[in-house]
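Report on one structure; see the data block that follows.
The values are calculated or read from the model by the stated rules, or taken from the named source; none is laboratory data. As the structure is a computational prediction, the values presented were derived from the model and not from experiment. Cβ placement follows ideal geometry from the backbone for every residue including glycine, while neighbour counts extend to all protein chains displayed. Note: areas computed on protein heavy atoms with side chains; ligands, DNA, RNA excluded. Shrake-Rupley method; radii C 1.70, N 1.55, O 1.52, S 1.80 Å.
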Amino acid sequence: MSMFDDIPVDVGVIYEGERIRKDNMQVELGGPKQATKFELVRAKKMDEVEDGKVIVVGPDLKDLPEGGNVPFGIYIEVAGKDIEEDLEGVTERRIHEYLNFIEGIMHLNQRYDIWIRVSKKSFQKGLKSFVPVGKVLARLYKSELPFVEKIQITFITDPVKVKEMYDQAIQIYDARDAKARGMKDEEVDTFYGCTLCQSFAPTHMCVITPQRYSNCGSISWFDGRASAQVDPKGPVFAINKGELLDAEKGEFSGINESIKQKTLGSVDKVWMYTGFGYPHTSCGCFEAMAFYIPEVEGYGIVDRGFKGVTVNGLPFSTLADSGAGGRQVDGFHGIAIEYMRSPKFLQADGGWDRVVWMPQSVKDRVKEFMPKEAVETVATEKDAKTVDELKTFLTQKNHPVVKRWKTEATEEETTTEGEEALETTAFPVSTATVSTGGFKIIFKNAKIHAEKVIIKREKPKR
Ligand code: SF4
């Protein structure tokens, strides 16, 4: 029995987190197989929106091939006396939440990267058109967001129309992102927090500052401000940044207090501009993952759209799982692409001087914001497919991380006070843990053979 009499399936928070596997899906909308997909909300004047209207452009759900995959767009126009352009980003982000409330609909990601599945079970229950989906969205928007007075929703499956609107949407996202560029975290007293992803990652809270974009890449500082003003009790709220405790790492007393309160004490400290120590938590919606590659002492970056394996042999999904879930994991750091355009990008770790690898498509997107030298010295999948190839590339290009290797090598060649050199053929260990390339290897009752073992006191290392 549905929450709404005229909707054939149930609707409620219990369906959030519902996973629809390939075998159970009626149809897939957007997703990794489609180059063009988008969701977009635009603020309109009152007389431009016909409240409650749902339009379908292209084949409706019942006419899409069973088990198939199609380009897809969701275009929502909203109006209200308090609505302004700055509310578009946060309103758009709610599509994710509200669609996931519908039984048999799974929505992942955001903006240009949406991935939706409709289950066979819900289709058989009668969910054969986008019209009831639109009706549910419209009702949820109007009951949850008081500033939405009128709403009109268009679903697009016609590939030509999807492509046309996708191109426009990309320009609109870019204009939104560009708005906060040039502003500094030092210039504002208030940051914004978002806990929308707590339904998936209960200990996650995004802290949105002018120079550190939300992980999902959908909510800027301006969006946060607009949302907190019209809906202060909602999931996006103001954070008084408080006292600056560490300028380089980006630690603020107000952020620490806020995250402690919002995560019920699970997280009590955040350093905003580093992937080590107390990094910003990573939910699961981040646009990209910065992953530390210990062999070269630098970061790789991989975005959700990158198909195949990264330079350390792992795909995005594995790397994403290593840091997701609202955790603070050293060296696995969920980020927005826009954060890569910020001067505060991984500032405490050395910024661009520590980035060693990224997909060419990401490089193309952020190139004009990278230091000139980094454009040359950061490898892509075209330059290096393995860590050994990466080492060679970085050495040839004299990447700044190479100096670190030289220093370390020199330190290791001589044993000094506090260090001990052992020469042995084999020594037993009862239990030892080694972390490398994102894996933890645990040796139990093993014998390790080595020509020489140097034990040295570790300096704190980033
Ligand atoms: S990633 Fe962050 S800003 Fe985006 S919806 Fe989730 S919690 Fe909010």
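Here are T190, T209, T203, T195: which of them is open to solvent by less than 20 Å² (accessible area, probe 1.4 Å) and of a type in the set (V, I, T)? Result of the check over T190, T209, T203, T195: T209. For the stretch 23-33, the tally of residues that are open to solvent by 30 Å² or more (accessible area, probe 1.4 Å) and either closer than 22 Å to R94 by Cα or touching a residue at least 40 places away in the same chain (Cβ under 8 Å) (or both) stands at 2. Residue pairs whose Cβ atoms lie under 6 Å apart, sitting 6 or more positions apart in sequence or on different chains, and linking a residue in the stretch 229-240 that is touching a residue at least 40 places away in the same chain (Cβ under 8 Å) and within 14 Å of the ligand (Cβ to nearest atom) to a partner that is part of a loop (DSSP other than H, G, I, E, B) and among the polar types (S, T, N, Q), are P235/T195. Residues in the stretch 48-64 that are outside any strand (DSSP E or B), in contact (Cβ under 8 Å) with a residue 24 or more places away in the chain and surrounded by fewer than 17 Cβ atoms within 10 Å (Cβ to Cβ): E48, E50, D51, G52, K53, P59, D60, K62. Can you name the residue in the stretch 176-207 that is within 13 Å of the ligand (Cβ to nearest atom) and part of a strand (DSSP E or B) and is also nearest to N100 (Cα to Cα) among such residues? Among those residues, the one meeting the criterion is C194. Restricting the search to the stretch 208-222, which residues are within 14 Å of the ligand (Cβ to nearest atom) and within 17 Å of the chain's Cα centre (by Cα)? Passing the criteria: I208, T209, R212, Y213, S214, N215, C216, G217, S218, I219, S220, W221. For first residues located in the stretch 177-191 and under 14 Å from Y213 (Cβ atoms), partners that are open to solvent by 40 Å² or more (accessible area, probe 1.4 Å) and at pLDDT 90 or above and lie 6+ apart or on another chain with Cβ distances below 8 Å form the pairs F191/A238.
Condition check ((1) farther than 28 Å from M358 by Cβ; (2) within 16 Å of the ligand (Cβ to nearest atom); (3) in contact (Cβ under 8 Å) with a residue 12 or more places away in the chain; (4) among the aromatic types (F, W, Y)) across all residues:
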position: Y273; (1), (2), (3), (4): no, no, yes, yes
position: A288; (1), (2), (3), (4): no, yes, yes, no
position: I293; (1), (2), (3), (4): no, no, yes, no
position: G300; (1), (2), (3), (4): no, no, yes, no
